[in-house]
Every structure is written in C-alpha cells, then in structure tokens.
Number of protein chains: 2
Amino acid sequence: MVEHSTAKAAQKDAGELREGEIAINPPAQFDAGLYYIGRIRTPWQRREDCPKNPRETDATCTIELEARWVDGLAGLESVSHVVVLYWMDQARRDLVLQAPHHYTEPRGTFALRSPVRPNPIAVSVARLVRIDGNKLTVVGLDCIDDTPLLDLKPYFASTDSVPDASVGWHAGTKR
Amino acid sequence: MVEHSTAKAAQKDAGELREGEIAINPPAQFDAGLYYIGRIRTPWQRREDCPKNPRETDATCTIELEARWVDGLAGLESVSHVVVLYWMDQARRDLVLQAPHHYTEPRGTFALRSPVRPNPIAVSVARLVRIDGNKLTVVGLDCIDDTPLLDLKPYFASTDSVPDASVGWHAGTKR
C-alpha cells in the first residue's frame with residue numbers, strides 16, 4: 001500500500017503552515033520501502049507529552065522486536081549504547097522551511113531535528129539496560145508510545161562520538 | 001514500484017550464505033516508503049574499495065541534494081558536523097546472523113554496522129567543510145559513489161555524543 005500513502009503524506013495538514021514555513025510538492029513515487037521490525041513502548045501517549053530531546057528524560061522504554069528478527073540480537077547484549085532508528089509516522093514530509101513552536105524563527109528542515117522531514121527517520125542514542133528475549137529495556141528515547149522501529153545498531157564511540165561538535169544557530173537558544 | 005522489489009530483495013544472493021549465517025523470510029510487504037533526496041559522490045566505485053569505517057579515510061565527499069529540497073539547508077551552514085543517513089541499496093535484507101569477512105565468527109545483524117540489515121539505512125557523522133548551493137562538501141563518509149541520500153541532520157554533542165560507550169564483543173577485535 002506504499003504508493004497510495006504518498007499523496008496522503010503530501011496533503012496531511014496541507015495549508016496549516018506557520019509564518020515563514022514553506023511546503024514543496026514531494027515526488028510522485030517512493031524510491032524504496034521500509035519494514036517495521038518492531039515497536040517502541042514509551043510512557044508518552046500524545047506528541048505534546050514527549051520530551052523535547054532524549055536526554056531530557058530518565059524514563060525507561062521497551063523496544064519490542066518482531067519475532068522473525070530476534071536472532072539478530074546475538075552479541076548486542078555486550079554493548080553499552082544502542083543507535084535506535086525509528087519512523088515518526090505522524091509527521092508531514094513536505095516542509096523545507098519550518099518554525100517549531102519552541103524556536104523564534106523558521107529554519108531549514110535539515111538544520112533541525114524536528115520529526116517533519118522528507119524521510120521521518122529518527123536517530124537516537126539509548127543506553128541499553130538489558131535484553132530479555134525479543135524485548136530491550138533502554139533509557140534515552142523521547143518518542144510517542146507504539147512508534148515503529150526500523151533498526152538497531154551498536155554505538156561505536158570511535159566513529160559516532162564527536163564531543164566538541166557545535167551547532168552555531170543553536171548557541172544561546174533553547175533546544 | 002515499491003512492492004515489486006520486496007521479493008527481489010529477499011531473493012538477492014539467495015543461497016550464498018557463509019558458514020553460520022542465517023537468512024529469514026522477510027515480510028511480504030513494505031510498511032512505509034522512502035524518497036531518495038539526493039546522491040553522495042565519493043571516490044569509491046566498488047564496495048570492496050570502500051573504507052571499512054568513516055574514520056579510516058580523510059577523503060572529501062560531495063553530497064548533492066535534489067533541487068526541490070535545497071531550501072531545507074538554511075541554517076545548516078552553522079554546524080560543524082552533520083548526521084548523514086543514506087540507503088545501502090546493494091545490500092541484501094534477510095540475514096539475522098551474519099559473518100562479515102573481516103571478523104572470525106557470526107554475530108547478530110543488530111550487533112553489527114554491516115550494510116546487510118532489514119532496513120539498510122546507514123548513519124554516519126561527517127565533518128561539514130562547506131555548502132555551495134545544493135552541494136555539501138564533507139569529510140567522514142565511507143560509502144560507494146552515487147549512494148542514495150535519505151536525510152541530513154545537525155549533530156548535537158549534547159544528545160549524540162557518548163565518548164565512553166563500549167562494544168564488548170568488539171574489544172580486542174579489529175573492526
């Protein structure tokens with residue numbers, strides 16, 4: 001049913017733009033397809049209840065992997081942190097300039113971590129507490145309950161950690 | 001044409017398993033669709049020429065964003081590092097246990113950064129050198145030339161950097 005949702009995604013919220021926001025016409029077709037490989041269980045039932053970023057909460061979340069993929073967890077129990085990729089399926093996908101309510105001016109989609117983006121894939125680094133069968137207990141996610149899971153990867157400090165990285169526009173603002 | 005590629009992805013390389021590898025039957029349908037929003041130009045034309053990880057090379061790569069998304073770059077020029085999401089479209093998607101040739105034993109797909117995974121989305125942290133129109137010059141990618149781009153995000157050290165993260169199984173091995 002993938003093609004049919006293209007038009008729906010483009011039209012979702014159509015016309016509901018904040019000042020300074022710009023929507024474009026997305027492509028007519030998708031180029032590749034994703035499997036939902038599980039679900040993320042969190043304490044937050046509505047988007048407005050979610051923390052603004054993953055370090056704002058100590059809440060424990062549970063990642064439930066679909067049974068067919070469970071053998072893929074072998075070895076993951078030895079990592080301290082997991083890169084969690086998930087699909088923000090409630091977000092529109094057609095904005096290039098956007099004005100999140102907690103910032104004062106519109107910015108480009110690719111300069112923001114907003115869920116609103118052409119491919120709404122979130123990347124979060126979560127601390128792994130334990131794995132029981134198909135369930136991972138983690139700390140450090142900020143998504144809505146029942147969010148579709150796309151991938152899990154080991155976090156390698158050697159390639160993924162850049163402690164002195166900076167975001168110029170963000171200096172002095174609240175994220 | 002997204003549905004048709006499901007079967008193809010599942011059958012690609014079918015039967016060519018290394019010792020200890022396990023393939024499963026992937027779902028019959030995709031759950032969501034992706035847009036390719038640009039292409040990544042790199043010096044590497046074949047998979048075997050690519051560096052094994054992004055910190056193994058100082059090569060400069062160019063990310064070419066499709067024209068329709070260019071306004072989304074506004075503000076990104078102020079960041080030092082970009083999270084680059086791309087689609088490893090040459091990888092099979094049905095392995096849960098795999099034995100990459102540079103490791104000695106098979107491990108679960110989710111314990112590895114191998115391109116072979118149910119949703120072959122790569123996450124790399126690249127240093128941003130400059131932006132000219134729709135082109136970003138970056139250092140720190142390791143993918144094959146012409147790789148499809150999925151997303152760009154600002155790298156926030158506050159949420160993305162975990163310098164003391166560890167990968168137990170990897171200690172003492174070469175990545």
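Every number here is computed from the coordinates shown, using simple stated rules; none is lab data. Just so we're clear, the structure is a prediction, and the values are computed from it rather than from any experiment. In this analysis, Cβ positions are derived from the backbone assuming ideal geometry, glycine residues included, and neighbour counts consider all displayed protein chains.
Pairs of Cα atoms under 8 Å, at least six residues apart: use those to get the relative contact order of chain B, whole percent. Walk me through the numbers on the way to the answer.
Numbers: 307 pairs, mean separation 56.4, N = 175.
Relative CO of chain B lands at 32 percent.
Per residue of peptide B:141-154, the mean number of Cβ atoms on other chains within 10 Å of the residue Cβ is 3. Considering the dipole of the protein assembly as shown built from charges on the beta carbon (Lys and Arg +1, Asp and Glu -1) around the Cα centre, which of A:Gln90, B:Pro54, B:Met88 is farthest to its positive end? Among A:Gln90, B:Pro54, B:Met88, the one farthest towards the positive end of the dipole of the protein assembly as shown is B:Pro54.
Determine the shape class of the protein assembly as shown: with a ≥ b ≥ c the square roots of the Cα gyration tensor eigenvalues, call it rounded for a/c under 1.5, and otherwise prolate if a/b is greater than b/c, oblate otherwise. It would help to have the intermediate numbers written out before the result.
Working: a/c = 1.29, a/b = 1.29, b/c = 1.00.
Rounded is the answer for the protein assembly as shown, as its axis ratio a/c remains below 1.5.
About its Cα centre, what dipole magnitude does the stretch A:58-175 give when the only charges are +1 on Lys and Arg Cβ and -1 on Asp and Glu Cβ, stated in debye to the nearest 20?
On the way: 12 positive and 15 negative charges, 82 e Å.
Magnitude of the dipole: close to 400 debye.
Projecting label points 7 angstrom from Cα along Cα→Cβ for B:Arg130 and B:Glu48 puts them 3.7 nm apart.
Can you list the trypsin sites (Lys or Arg not before Pro) in the stretch B:19-120 that are in a DSSP coil and have 12 or fewer other beta carbons within 10 angstrom? Walk me through the intermediate numbers first.
On the way: sites: B:Arg39, B:Arg41, B:Arg46, B:Arg47, B:Lys52, B:Arg55, B:Arg68, B:Arg92, B:Arg93, B:Arg107, B:Arg113; in loops: B:Arg46, B:Lys52, B:Arg92, B:Arg93, B:Arg113.
Loop-located and lightly packed - B:Arg46.
The string of couplings for the stretch A:76-88 from the Karplus curve (6.51, -1.76, 1.60, θ = phi - 60°) is 5, 4, 8, 9, 8, 9, 10, 7, 10, 9, 9, 10, 8 Hz, one whole number per residue in order, with x for Gly and Pro. A label point on B:Gln29, set 7 Å along the Cα-to-Cβ line, lies at 1.9 nm from each of its counterparts in the other copies, closest listed first. With label points defined 7 Å past Cα in the direction of Cβ, position A:Val129 shows copy-to-copy spacings of 4.5 nm, given to one decimal and shortest first. Helices in chain B, meaning DSSP H runs of at least 4 residues, each add -39500 (n - 2.57). Divided by all residues, the mean residue ellipticity at 222 nm is -1500 deg cm²/dmol. Distances between copies at A:Gln45, taken between label points 7 Å from Cα along the C-beta direction, are 5.9 nm in increasing order. Kindly express, to the nearest 10 degrees and within the range 0 to 90, the angle between helix A:2-11's C-alpha long axis and the longest C-alpha principal axis of chain A. Long axis of A:2-11 versus the principal axis of chain A: about 50 degrees. Pairs of lysines in the protein assembly as shown whose Cα atoms sit within less than 22 Å of one another amount to 9, provided the residues are eight or more positions apart or on different chains.
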